[in-house]
Amino acid sequence: MKKYIIFLVLLAITQVGFAQRSVNDLFKEFSKVKESDGVKIGKLTMSLAGLFTDTMGVDSVEAYSFDNCAEELKEKLQKATKDIKDKAYETMLTSNEEGSRVKVLVRIEKEMIRELVIISTGESNALVRIKGMIKPSDIERVTKQHS
């Protein structure tokens, strides 16, 4: 009897482990969706942009919109968003309003934001990842300018 209980507990633990996914897994899976509208701006392009404007430490931007995709894919994105468990990221903001859900995750190293990830599901379905060496004060400044 004890063996069966231990087996069931181990089985449950492994199932929980498989259900979890990282931010990188999420982007790998959904960046390949053909129906999505996506753009990647790499380091070279951002360096050139830095000649004309303040890039605030941003090295690259990756953005995908899934608004024109099938409902099944949107539901898959919503489920995948709930399954994200990545120890490298902290949840900065979670918002649930009128059928829309927005989750903002940050990866911080040495008091600098190395990655900012925005996941939107519901009415507007999108994934955005911004990489760089971004000062938290720059995020605060941009937020104040646009609110």
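The values are calculated or read from the model by the stated rules, or taken from the named source; none is laboratory data. Here the structure is a predicted model, which means the values were calculated and not measured. Glycine gets a Cβ as well: all are built from the backbone with ideal geometry, and neighbour counts include every protein chain shown.
Condition check ((1) surrounded by fewer than 17 Cβ atoms within 10 Å (Cβ to Cβ); (2) under 22 Å from T143 (Cβ atoms); (3) hydroxyl-bearing (S, T, Y)) across all residues:
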site: V23; (1), (2), (3): no, yes, no
site: E35; (1), (2), (3): yes, no, no
site: G50; (1), (2), (3): yes, yes, no
site: E71; (1), (2), (3): yes, no, no
site: L77; (1), (2), (3): no, no, no
site: T91; (1), (2), (3): yes, yes, yes
site: S100; (1), (2), (3): yes, yes, yes
site: V104; (1), (2), (3): no, yes, no
site: E109; (1), (2), (3): yes, yes, no
Top-ranked residue in region 130-140 [being in contact (Cβ under 8 Å) with a residue 12 or more places away in the chain and assigned to a helix (DSSP H, G or I); ranked as farthest from the chain's Cα centre (by Cα)]: D138
Select, from G38, G42, the only residue that is modelled with pLDDT of 85 or more and farther than 16 Å from F66 by Cβ. G42
Options M92, M56: the member that is in contact with a strand residue (DSSP E or B) (Cβ under 7 Å, 6 or more places away or on another chain) and in a loop (DSSP other than H, G, I, E, B): M56
Cβ-Cβ under 8 Å, sequence separation 6+ or interchain: first residue in region 55-73 and farther than 23 Å from M133 by Cβ, partner of a type in the set (A, V, I, L, M) and assigned to a loop (DSSP other than H, G, I, E, B). Which pairs? Y64/V33; F66/V33; C69/V33; L73/V33
With the condition kept exactly as written, say whether any residue in region 127-135 is closer than 21 Å to D25 by Cα and exposed (fewer than 13 other Cβ atoms within 10 Å of the Cβ). no
Looking only at region 88-108, which residues are in contact (Cβ under 8 Å) with a residue 40 or more places away in the chain and farther than 19 Å from K135 by Cβ? A88
If you go through region 111-126, how many residues are buried (at least 16 other Cβ atoms within 10 Å of the Cβ) and under 12 Å from G57 (Cβ atoms)? 4
Hits in region 103-129 - residues which are at negative phi, acidic (D, E) and part of a loop (DSSP other than H, G, I, E, B): E123
